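S.K.: Just passing along the structure, written as structure tokens.
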């Protein structure tokens, strides 16, 4: 046959030395992978506690390693040895692989011609980065020298499964096998993760408890599978070996918890069987307790407890599903079919871990296959249930629409009768209401006119003295409460009497109106107030304005007034104004009046010093 996975010379070389005999594996230059189960010998660690004493053991203290001895949980520490002989005349590169990622500690000793040449320590109780080769399995690469007997001693210490799937491969064959197994495991984990996340998104969008529990179940199972294969330790917590020990005893009851809640929802036990509902919830509570307690127990004991719990819960849920299926529950029939795969897989895996049966496959293979079968069918069950619920909701909505239509027709008929009886009364009420609204509108307009007339200066159109006094007190209280500066400007038209004397009072009135309009245009902020204070005087309130800002506004007003093109009967009227400015933060109730007095004093000083200027109040005035 061409391209055999591993062409080896399998014959028995009897080496008689010191009355010891063992079967030696002779290998050639081939590319296959060979399981070493037939060449393994073991002895309990209590017979020898170190490598020197192990090497000196008699042959009768070594026995062939059979699955009945070590394919169990909680086996005491033991030694394993095997010998390999290179029958070729050239060195051969080989890789020794131990495909059980949950061995706590592996002490590997490599001897050539009876002399130790290498020693390494591996195990999942050590950080992942300390492995000689970064791989989910425990890997030891070495070279077989020609015509040399290579002997390997492995001391195994583990609280979990002591299964030893040892194999010998060429580098090329090993890379090919690793690539194939990684592809298969990646597909499994990818499919589980996709189903779990898809269910989680549906749960979030639809707020469905069924999808929430299902996504929790699938995602916890996905993390459990990743932990069993060693991917979680490698990629999620490589520096925390203690977490690697705790995760399996925690994830198994967590998955059981979500499976129980999901079963409760899918089988609708709330409506069909209250006894089963209570049993599911009590079992879920027990699963939570196991998830919190078992990680802190002895690891072997925790695994035994979890395995037995899986068997009991699996049988329990299967019985529930069968009972509901016999009663005609459609989803229970599909659930029974889906759960049967999980039942068979979990029973086979548990029996292999407990040492009840021996099969030429990995312990996890039945469980993984059962999980995939169950999860796919459970997704179908959820899809069917979602479709049934959608149809039921649609039917209820249609019935509700019909009932609402009948109710609406009845109501419309009653309203029609009531409308006819009240039509005349409503017409009368509408007429009286219309008359009342017209009267109220007229009254409101009159009140608005009166209010406006009471606060507006009739000649200039700006606020009058009464409005100014009221606003001054209000802005003073606001300045006092917020501790913000307040500015007051007092303006007086220079030589206004000469305008009246030379051009007449109508020219004076026109001048006042033009100045008032200019002041309103210059004040941009809604809170600023311009008012006619009396005669040819105007007052301006500038809230939240300091001395610098007030002087700037006053100067702009003064310059603008000077440039106004005022004329009367083709005679230009020269016009200037004087402005007094006072700014202060109001601290007392009487300070607004004081501010007005200070602005008036500043105006008086501006008049005395030549007019057409802005004067700021100071203590020296």
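S.K.: Among the residues of the range 55-84, what is the count of those that are surrounded by 20 or more Cβ atoms within 10 Å (Cβ to Cβ) and part of a strand (DSSP E or B)?
M.R.: Total meeting the criteria: 7.
S.K.: Of the conditions (1) closer than 18 Å to residue 465 by Cα; (2) more than 60 Å from the chain's Cα centre (by Cα), residue 571 satisfies every one except a single condition; which number is it?
M.R.: (1)
S.K.: Same structure again: If residue 187 passes every condition in (1) under 30 Å from residue 268 (Cβ atoms); (2) free of Cβ contacts under 8 Å to residues at least 24 places away in the same chain but one, which one does it miss?
M.R.: Going through the list (1) under 30 Å from residue 268 (Cβ atoms); (2) free of Cβ contacts under 8 Å to residues at least 24 places away in the same chain, residue 187 breaks only (1).
S.K.: Another question, then. Report, by residue number, each residue of the range 26-80 that is closer than 12 Å to residue 164 by Cα and free of Cβ contacts under 8 Å to residues at least 12 places away in the same chain.
M.R.: 66
S.K.: Out of 226, 232, 175, 203, I need the residue that is under 25 Å from the mean Cα position of the chain (by Cα), surrounded by fewer than 22 Cβ atoms within 10 Å (Cβ to Cβ) and either assigned by TED's automatic domain parsing to the domain that holds residue 263 or under 21 Å from residue 136 (Cβ atoms) (or both). Which one?
M.R.: Details: 226 fails: surrounded by fewer than 22 Cβ atoms within 10 Å (Cβ to Cβ); 232 fails: surrounded by fewer than 22 Cβ atoms within 10 Å (Cβ to Cβ); 175 fails: under 25 Å from the mean Cα position of the chain (by Cα).
Selected residue: 203, the only one of 226, 232, 175, 203 that is under 25 Å from the mean Cα position of the chain (by Cα), surrounded by fewer than 22 Cβ atoms within 10 Å (Cβ to Cβ) and either assigned by TED's automatic domain parsing to the domain that holds residue 263 or under 21 Å from residue 136 (Cβ atoms) (or both).
S.K.: Can you tell me which residue among 484, 410 is assigned by TED's automatic domain parsing to the domain that holds residue 562 and under 58 Å from the mean Cα position of the chain (by Cα)?
M.R.: On the way: 410 fails: assigned by TED's automatic domain parsing to the domain that holds residue 562.
The unique qualifying residue is 484.
S.K.: Does residue 557 fit the bill of being at pLDDT 90 or above and in the same structural domain as residue 487 (by TED's automatic domain parsing)?
M.R.: Values: at pLDDT 90 or above: yes; in the same structural domain as residue 487 (by TED's automatic domain parsing): yes.
So residue 557 passes the test.
S.K.: Quick one: count up the residues across the range 237-249 that are under 23 Å from the mean Cα position of the chain (by Cα) and more than 13 Å from residue 127 (Cβ to Cβ).
M.R.: Of the residues in that region, 1 qualify.
S.K.: Could you check the range 85-100 and list, in sequence order, the residues that are crowded, with 16+ Cβ neighbours inside 10 Å and assigned to a strand (DSSP E or B)?
M.R.: Correct list: 85, 86, 92, 94, 95, 96, 97, 98.
S.K.: Take the range 153-165 and flag every residue that is assigned to a loop (DSSP other than H, G, I, E, B) and touching a helix residue (DSSP H, G or I) at 6+ places or on another chain (Cβ under 7 Å). Spell out the reasoning first.
M.R.: Step one: of the range 153-165, the residues assigned to a loop (DSSP other than H, G, I, E, B) are 158-160, 162-165.
Answer for the range 153-165, where residues must be assigned to a loop (DSSP other than H, G, I, E, B) and touching a helix residue (DSSP H, G or I) at 6+ places or on another chain (Cβ under 7 Å): 159, 160, 162, 163, 164.
S.K.: Condition test on residue 174, is it out of contact with any helix residue (DSSP H, G or I) (no Cβ under 9 Å at 6 or more places or on another chain) and either in contact (Cβ under 8 Å) with a residue 40 or more places away in the chain or not in a helix (DSSP H, G or I) (or both)? Before you say what the answer is, go through the steps one by one.
M.R.: Details: out of contact with any helix residue (DSSP H, G or I) (no Cβ under 9 Å at 6 or more places or on another chain): yes; either in contact (Cβ under 8 Å) with a residue 40 or more places away in the chain or not in a helix (DSSP H, G or I) (or both): yes.
Yes: the conditions hold for residue 174.
S.K.: I would also like to ask the following. Do you know which residues across the range 260-271 are free of Cβ contacts under 8 Å to residues at least 60 places away in the same chain and either more than 24 Å from the chain's Cα centre (by Cα) or not assigned by TED's automatic domain parsing to the domain that holds residue 298 (or both)? Break it down stepwise before answering.
M.R.: So the first thing to find is which residues in the range 260-271 are free of Cβ contacts under 8 Å to residues at least 60 places away in the same chain, and the list is 260-261, 264-265, 269-271.
Listed by number, the residues that qualify are 260, 264, 265, 269, 270, 271.
S.K.: Given the criteria part of a loop (DSSP other than H, G, I, E, B) and either touching a strand residue (DSSP E or B) at 6+ places or on another chain (Cβ under 8 Å) or modelled with pLDDT of 90 or more (or both), does residue 30 qualify?
M.R.: On the way: part of a loop (DSSP other than H, G, I, E, B): yes; either touching a strand residue (DSSP E or B) at 6+ places or on another chain (Cβ under 8 Å) or modelled with pLDDT of 90 or more (or both): yes.
In short, yes.
S.K.: Looking only at residues that are surrounded by 14 or more Cβ atoms within 10 Å (Cβ to Cβ) and part of a strand (DSSP E or B) in the range 142-152, which one is nearest to the chain's Cα centre (by Cα)?
M.R.: At the first step, the residues of the range 142-152 found to be surrounded by 14 or more Cβ atoms within 10 Å (Cβ to Cβ) are 142, 144-145, 149-152.
Applying the additional criterion that residues be part of a strand (DSSP E or B) yields 142, 144, 149-152.
Working: 142: 47, 144: 53, 149: 59, 150: 55, 151: 54, 152: 50 Å.
Taking the candidates together, the pick is 142.
The values are calculated or read from the model by the stated rules, or taken from the named source; none is laboratory data. None of these values were measured; they are calculated from a predicted model. Using ideal geometry, Cβ is built from the backbone for each residue, glycine included, and neighbour counts are taken over all protein chains shown.
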